[in-house]
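Worksheet for the structure shown next.
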Amino acid sequence: MQQPKVFGAVSSQKLRKKLDGYGIDFNVASKVGTIVGASGLLIGLGKLRGMSGVCLMGETAGFPIVTDPKSAESVLKVLMKIKEPSDIFEELT
């Protein structure tokens, strides 16, 4: 696998628009499936309570026992591109 992709899910289209241009693939649901576990639960519950949320996930080989540091590096590179996080993660009402 070359450089792992970064997949994302957001609780609002407004937040997705703010994150466009950072190399995040927000169309993963149509290709792979749904987000389960704590990642999906926190975004869903946050949305129900009026909070904005984003989940960034690095592409992995799919072996749950094997760690994937290159995947983590891909997510960190995306986070480092965001120079002013407050511009994106401010109150989104």
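Every number in this text was worked out from the coordinates using simple rules, so none of it is lab data. Predicted model only: the values in this text are computed from it and were never measured. Positions of Cβ are generated from backbone atoms using ideal geometry, with glycine treated the same way; all protein chains shown enter the neighbour counts.
Taking Cα atoms only, the orientation of helix 37-48 departs from the longest principal axis of the chain by about 10 degrees. Once the Cα atoms are used to define both axes, helix 69-81 deviates from the longest principal axis of the chain by about 30 degrees. From the Kirkwood radius over Cα pairs of the chain, Stokes-Einstein at 37 °C and 0.692 mPa s returns a whole-number translational diffusion coefficient of 233 µm²/s. Taking 29 Å as the straight-line reach from the Cα of Lys47, the lysines in range (excluding those fewer than 8 positions away in the same chain) are Lys5, Lys14, Lys17, Lys18, Lys31, Lys77, Lys81, Lys83.
For the range 22-28, backbone phi angles converted through the Karplus equation (6.51, -1.76, 1.60; θ = phi - 60°) give residue-by-residue couplings of 9, x, 9, 8, 8, 9, 5 Hz, Gly and Pro being listed as x. Here the chain is treated with +1 on each Lys and Arg Cβ and -1 on each Asp and Glu Cβ, and its dipole about the Cα centre works out to around 180 debye. In this structure, the amide hydrogen of Gly53, modeled 1.01 Å from its nitrogen in the peptide plane, lies closer than 5 angstrom to those of Ser11, Ser12, counting only residues at least 5 positions away or on a different chain. Using DSSP loop states and a limit of at most 12 other Cβ atoms within 10 Å to flag trypsin sites (Lys or Arg not before Pro), what is the longest stretch of the chain containing no flagged site? Longest site-free region, per DSSP loop and neighbour criteria: 50-82.
Using the Cβ-Cβ distance between Lys81 and Met51 with R0 = 30 Å, the FRET efficiency computed as 1/(1 + (r/R0)^6) comes to roughly 0.80. Comparing Gly23, Gly44, Gly62 in a Gaussian network model of the chain, where Cα atoms under 10 Å apart are tied by springs, the biggest mean-square fluctuation is seen for Gly62.
Springs between Cα atoms under 10 Å define the GNM used for the chain, and in it the highest mean-square fluctuation of Leu56, Leu45, Leu15 occurs at Leu45.
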